[in-house]
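Heads up: the structure comes next, in structure tokens.
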Amino acid sequence: MISIHHLHKSFGKNHVLKGVDLDFDKPGITAVLGPNGSGKTTLIKSILGMVLPSEGTIEVAGKNIKGQWKYRRQIAYLPQIARFPDNLKVKELLGMIKDLRVGPSDEELLIDQFELRPFLDSRLANLSGGTRQKVNLVLTFMYDCPIIILDEPTAGLDPISMVRLKELIEHQRALGKTILITTHVMSLVEELADEVVYLLEGHIHFRGSLKTLKETYGEASVERAIASLLERQKGKLEFSSNGHQTFVLA
């Protein structure tokens, strides 16, 4: 569904993505992981056409996305921080999105699922962070898209909403969707992900199933396996005999 070939992106002298090759060609949930600054958000925004690659190509459903925009109708996207005018009421925001999109929507079911009906007449400025995130989740899932990209979807959610979000994601997987999730919550990865892609300094350092990740690094949990991966890759500073520093990968 998504094919990424030799993707590079630089912002001035900052080389964020360095020759990334990825194919998301099967239904399921992929957790795209990595520390802050590893290139996760740049990768996602490149897929969405919000960032133009310095080099390389991205294809969605077999078509190069360069200079295109209609392919975005196939993608449901939850940004890490969604910004809308604070003076809008929740029902006004939902109506605005419905005016922009084409096709049937499932917002009524989602409103009840996340218990948002009492807030429909509330302005966004008056909502808590968790309630805003519920609104964002309704906006993300209200249309039937084959590709779903979720950037830190659990931010601010209470335990009940977390459970309902997980159920919703699992339901979308059962429908054959391609789902990408970025998160720092390893328990979410452990419960939901079919595979992991780990980015570090613009390179892919691991791609595979959770089982393979744990076996590769000899750990019983995803969190510990990621910690072991980082320990191996972070490198060590050594002083050579002439006093210069040399960077040596572990």
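Please treat every number below as a calculation from the coordinates, not as lab data. All values reported here derive from a predicted model rather than from experimental measurement. Reconstructed Cβ throughout: ideal geometry from the backbone, glycine too, with neighbour counts over all protein chains shown.
Assign unit charges at the C-beta atoms only (+1 for Lys and Arg, -1 for Asp and Glu), then state the dipole size of the chain relative to its Cα centre in Debye, rounded to the nearest 20. Can you show the working numbers first?
Values: 31 positive and 30 negative charges, 145 e Å.
Using only the charged Cβ atoms, the result is roughly 700 debye.
Which one, Tyr143, Tyr71, Tyr198, has the greatest fluctuation when you compute a Gaussian network model over the chain with C-alpha springs under 10 angstrom?
Tyr71
Output the antiparallel fraction of DSSP beta bridges having both residues in the chain, as a percent to the nearest 5.
Percent antiparallel among DSSP bridges in the chain is about 60.
Show me the ranking of peptides 199-208, 60-69 by mean Cβ neighbours inside 10 Å, starting with the highest.
Values: 199-208: 18.1, 60-69: 12.4.
So the peptides 199-208, 60-69, ranked by packing, come out 199-208, 60-69.
Let me have the relative contact order for segment 2-248, percent, based on Cα pairs under 8 Å that are six or more residues apart.
That works out to 24 percent.
How big is the charge dipole of segment 147-213 about its Cα centre, in debye rounded to the nearest 20, if each Lys and Arg gets +1 on its Cβ and each Asp and Glu gets -1 on its Cβ?
It comes to approximately 200 debye.
Figure the gain on full extension for Ser122 and Phe84 (residue separation times 0.36 nm, minus the Cα-Cα span) and round it to one decimal in nm.
12.3 nm
Amide H neighbours of Leu33 under 5 Å, at least 5 residues apart or on other chains, H built in the peptide plane: list them.
Correct list: Val197, Tyr198, Leu199.
Per DSSP H run of at least 4 residues, take -39500 (n - 2.57); add these up for the chain, divide by its residues and hand me the 222 nm value, nearest 500 deg cm²/dmol.
-9500 deg cm²/dmol, from helical runs alone.
Going through the cross-link list Lys91/Lys166; Lys9/Lys98; Lys40/Lys134; Lys13/Lys63, which pairs have a Cα-Cα distance over 28 Å in this structure?
Lys9/Lys98; Lys13/Lys63, as the Cα separations exceed 28 Å there.
Using a Gaussian network model of the chain with C-alpha springs under 10 Å, which one of Asn136, Asn36, Asn14 is most mobile by mean-square fluctuation?
For the chain, modelled as a Gaussian network with Cα springs under 10 Å, the answer is Asn14.
If you plug each phi of segment 8-23 into the Karplus form 6.51 cos²θ - 1.76 cosθ + 1.60 with θ = phi - 60°, what whole-Hz ³J(HN,Hα) values come out, in order, with x for Gly and Pro?
Once rounded to whole Hz, the list reads 10, 8, 10, 10, x, 8, 8, 8, 7, 10, 10, x, 6, 10, 8, 10.
So how far, in whole Å, is the C-alpha centre of segment 185-213 from the one of segment 101-170?
25 Å
Kindly state, to the nearest 0.05, the FRET efficiency for Arg101 paired with Asn14, given R0 = 30 Å and r defined as their beta-carbon distance.
The pair Arg101/Asn14 has a calculated efficiency of 0.30.
Between Arg73 and Lys26, what is the label-point separation in nm under the 7 Å Cα-to-beta-carbon projection?
Each label point is offset 7 Å from its Cα along the Cβ direction, giving 3.0 nm.
How many angstrom lie between the Cα centre of segment 38-55 and the Cα centre of segment 70-92?
The two parts, judged by their Cα centres, are 18 Å apart.
Quick one: go through segment 153-188 and flag any residue whose amide nitrogen is under 19 Å from the point 7 Å out along the Cα-to-Cβ line of Asp194.
Within reach of a label on Asp194, which here means backbone N under 19 Å from a point 7 Å along Cα→Cβ, segment 153-188 contributes 166-183, 188.
Counting other beta carbons within 10 Å of each residue's own, what order do Asp194, Asp25 fall into, fewest first?
Asp25, Asp194
If you rank Ile75, Ile97, Ile160 by fewest surrounding Cβ atoms within 10 Å, what's the result?
Neighbour counts put them in this order, fewest first: Ile160, Ile97, Ile75.
Karplus couplings for segment 132-148 from phi (6.51 cos²θ - 1.76 cosθ + 1.60, θ = phi - 60°), rounded to Hz, Gly and Pro as x?
Working through the residues one at a time gives 4, 5, 4, 4, 4, 5, 4, 4, 6, 9, 6, 10, 7, 10, x, 10, 10 Hz.
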